[in-house]
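J.: Would you mind keeping the following structure in view while I ask a few things?
Taken together, the values in this text are just the output of simple stated rules run on the coordinates, not laboratory data. The model shown is predicted, which means the values in this text are computed figures rather than measured ones. Please note: Cβ atoms are built from the backbone with ideal geometry, for glycine as well, and neighbour counts cover all protein chains shown.
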Amino acid sequence: MSKILVVDDDLDILVVMEILLTMKGFEVEVTAKWESTFEKVANNTVVKSILRTAGNTIVRSLLGSLGLGGRTRRSSKSWF
């Protein structure tokens, strides 16, 4: 089951969205406070993983464009 977090400062909208999304089969959590939303998103393991991967990709790209990146280990295999 998919989870959806609905954030809005209008309680009427929260109630309607919760009912509609629940009827469609989603697991719904509603909140009117952005502070608690930020904590929930920041503590989510999937979000952490995505951010870590995106961060690593950005750093590698920047280092590569500067000519500093890459794990280029050249083996010293030689015939002699």
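J.: For segment 17-38, list residues with backbone N below 13 Å from a point placed 7 Å from the Cα of D10 toward its Cβ?
T.: 17
J.: So, counting K/R as plus one and D/E as minus one, what does the shell of residues with Cβ under 10 Å around K33 add up to?
T.: Here the count lands on -3.
J.: Could you tell me the calculated FRET efficiency between F26 and L63, based on Cβ-Cβ distance and R0 = 35 angstrom, to the nearest 0.05?
T.: That gives a FRET efficiency of 0.30.
J.: Starting from a Cα-only point model with no solvent, please compute log10 I(q)/I(0) by Debye for the chain at q = 0.20, 0.21, 0.24 1/Å.
T.: One equal scatterer on each Cα of the chain leads to -0.93, -0.98, -1.10.
J.: Could you give the DSSP H helices of the chain that reach 27 angstrom or more along their long axis (alpha carbon positions) and whose average Kyte-Doolittle hydropathy is no lower than 1.0?
T.: None clear 27 Å together with a mean of 1.0.
J.: Which of the aspartates and glutamates could a cross-linker span from K40 if the Cα-Cα distance has to be under 12 Å and same-chain partners fewer than 8 positions apart are dropped?
T.: Cross-link targets: E29.
J.: Okay, helix-only estimate at 222 nm for the chain: each DSSP H run of n ≥ 4 adds -39500 (n - 2.57), divide by all residues, round to 500 deg cm²/dmol; what do you get?
T.: -17500 deg cm²/dmol
J.: What size of dipole, in debye to the nearest 20, comes out for the chain about its Cα centre when the only charges are +1 on Lys and Arg C-beta atoms and -1 on Asp and Glu C-beta atoms?
T.: Using Cβ point charges on Lys, Arg, Asp and Glu, the chain gives about 1320 debye.
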